[in-house]
Structure formats: C-alpha cells, structure tokens
C-alpha cells in the first residue's frame with residue numbers, strides 16, 4: 001500500500017494535467033462555457049426553493065440560504081459519484097496503452113469536481129452577503145476541514161464504484177437511481193429536527209448527514225460545529241477512503257482485459 005501511494009505521488013504532474021483537462025473540457029464548445037459552473041447549481045436551487053418554500057412550505061427562515069449551503073456540497077458529492085462511476089471506462093484507451101497508477105484517474109476526476117465546488121462557493125458567500133446574516137470567523141475555520149472530509153468520502157466511494165463498474169456495467173445505472181433517492185435522505189431541504197427521534201439514528205448512518213449538518217452549522221447557524229459530527233464524518237470518511245483504495249488495488253489488475 002505504501003509503495004502504491006509513493007507511485008501515485010510520482011505521477012502528481014499527470015494528476016494535475018488531467019484535472020486541468022477535465023476543467024477545460026467540461027463545458028468546451030458551449031456558448032456560456034465556464035459560467036455553467038454557476039448556472040447549473042443555481043437552476044437546481046431555484047427549482048427546489050420554489051417547491052419547498054411555496055408548495056411544501058418548509059418552515060426554515062431564509063430557506064433559500066439554507067438550501068444553497070446544503071446544495072453546493074451535495075452537487076459536488078453527487079457529480080463525483082455519478083461521473084466517477086464511469087471515469088475508468090471513459091479512459092479505456094489510456095488504460096490499455098499506457099502504464100501509470102490507475103488510481104490517478106479517480107483522483108483527478110474527484111479533484112476536478114472538488115475544484116468546481118470551490119468555484120461555486122462564490123454563490124454561497126454572495127447569498128450570505130445578500131441575506132445579511134454575516135459569518136462567524138471562528139466557525140469559518142472549520143470549513144476547509146469539512147471540505148477535505150467530504151473530498152475523502154467522495155474519493156473513497158469513487159474508488160469502489162469506478163473499479164466495480166469496469167466489471168459490472170449496470171452499476172452506472174444503479175448509482176444514478178440511488179443518487180436520486182439519496183438526496184432526500186440527507187438534510188439539505190429540511191432540518192435534522194424534522195426527523196422523528198426514532199428515525200434519527202438511521203438517518204445519521206448516511207455519511208452525508210453529519211457533513212451537511214456541519215456545513216449548515218458553520219455557514220447558516222454561524223456556530224462552531226459539534227465535535228461529535230466532525231469526528232463521525234471524519235472517521236467514516238477515512239475508513240471508506242482506505243476500504244475504497246484497497247478494493248481498487250485488488251480490482252485494477254484486470255482493467256485492460258475487461259475494457
């Protein structure tokens with residue numbers, strides 16, 4: 001495992017190049033280009049705001065802000081999982097012809113999506129500015145930490161799904177269906193207090209639940225996140241990352257033959 005990590009580090013320039021290529025090519029040829037980084041999430045947020053503030057009428061003050069803060073990290077997570085599920089197959093020619101640590105592909109894909117989230121957080125801070133609620137600078141120090149924790153969780157899952165999809169192509173479609181349900185099991189459009197006490201333990205088995213709660217604590221509630229949620233999200237993300245990496249190293253030996 002240590003040797004594989006050293007090999008990945010040796011190919012850091014390749015990861016950087018793939019990340020740049022992914023960011024440049026994502027909206028290549030479109031009229032609005034990089035602006036889609038902001039337009040896509042804004043469109044989703046507008047739709048959910050209309051549905052949950054006028055039709056279902058969720059009783060959350062400044063609901064649009066609460067939603068924006070939860071949706072930005074969710075979009076990163078969802079995009080990483082869905083796009084990452086086919087990232088190995090998408091680079092089939094490279095996998096067949098060139099030697100390099102195969103982990104480079106999911107790492108570069110998730111990193112490019114993470115960079116996209118960082119750019120889109122401009123919308124979050126603009127919304128906070130417009131809302132007038134301000135920020136807690138001490139709480140804001142925890143924001144990079146929870147972002148890194150979410151990155152590890154996404155990368156660990158992409159390691160598992162991208163390698164498994166090479167052997168089981170239907171997994172791509174299954175993941176798409178799962179992500180549609182997963183968003184409603186995560187407190188993005190509602191507060192954790194809305195969840196009945198008897199169901200709350202089950203909801204917190206969802207690794208994204210404590211992560212989104214921490215984002216809301218930092219940016220919406222302007223408070224230092226609870227240590228329990230930080231520890232839970234951090235420990236779970238590290239475990240999933242390690243398991244994902246080990247599964248990937250077991251499955252990547254026959255990628256070329258299975259393409």
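Since every read-out is calculated from the coordinates, none of them should be taken as a lab result. Treat the numbers as computed from the prediction; the structure is a model and nothing was measured. Glycine also receives a Cβ, built like all others from the backbone with ideal geometry; neighbour counts cover every protein chain displayed.
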Rounded to the nearest 500, what is the chain's calculated 222 nm mean residue ellipticity when only DSSP H runs of at least 4 contribute -39500 (n - 2.57) each, over all residues? -23000 deg cm²/dmol
Say we join alpha carbon atoms closer than 10 Å with springs in a Gaussian network model of the chain; which of 72, 230, 94 then has the biggest fluctuation? 94
What's the exposure ranking of 42, 251, going from fewest to most Cβ atoms within 10 Å? 42, 251
Would you mind pulling out the separation of the Cα centroids of segment 87-114 and segment 177-213, in Å? 31
Can you give the FRET efficiency for residue 198 and residue 223, using 1/(1 + (r/R0)^6), R0 = 25 Å, r = Cβ-Cβ distance, to the nearest 0.05? 0.40
Fewest to most neighbouring Cβ within 10 Å: what's the order for 97, 62? 97, 62
Scattering profile of segment 147-199 from the Debye formula, Cα beads only, expressed as log10 I(q)/I(0) at q = 0.20, 0.21, 0.22, 0.30 Å⁻¹, is -0.88, -0.91, -0.94, -1.10
Using only Cα atoms, tell me the angle between helix 208-219 and the longest principal axis of the chain; keep it within 0 to 90° and round to the nearest 10. 50
Separation between the residue 62 and residue 7 pseudo-spin-labels, each 7 Å from Cα along Cα→Cβ, expressed in nm? 5.0
Picking from 194, 142, 99, which is most flexible by a Gaussian network model of the chain using Cα springs under 10 Å? 99
Pairing the Cα long axis of helix 104-131 with the longest principal axis of the chain, what angle in degrees results, from 0 to 90 and rounded to the nearest 10? 20
For the pair residue 96 and residue 46, what calculated FRET efficiency results from E = 1/(1 + (r/R0)^6), where r is the Cβ-Cβ distance and R0 = 41 Å, to the nearest 0.05? 0.45
Of 131, 198, 162, the most mobile residue in a GNM of the chain (C-alpha springs, cutoff 10 Å) is 198
Round to the nearest 10 and give me the degree value, 0 to 90, for the angle of helix 143-167's Cα axis relative to the longest principal axis of the chain. 40
For the chain, what number results from the quotient of the Cα radius of gyration and 2.2 N^0.38 Å? 1.04
What's the extension gain from residue 191 to residue 253 if we count 0.36 nm per residue and subtract their Cα-Cα distance? 17.9 nm
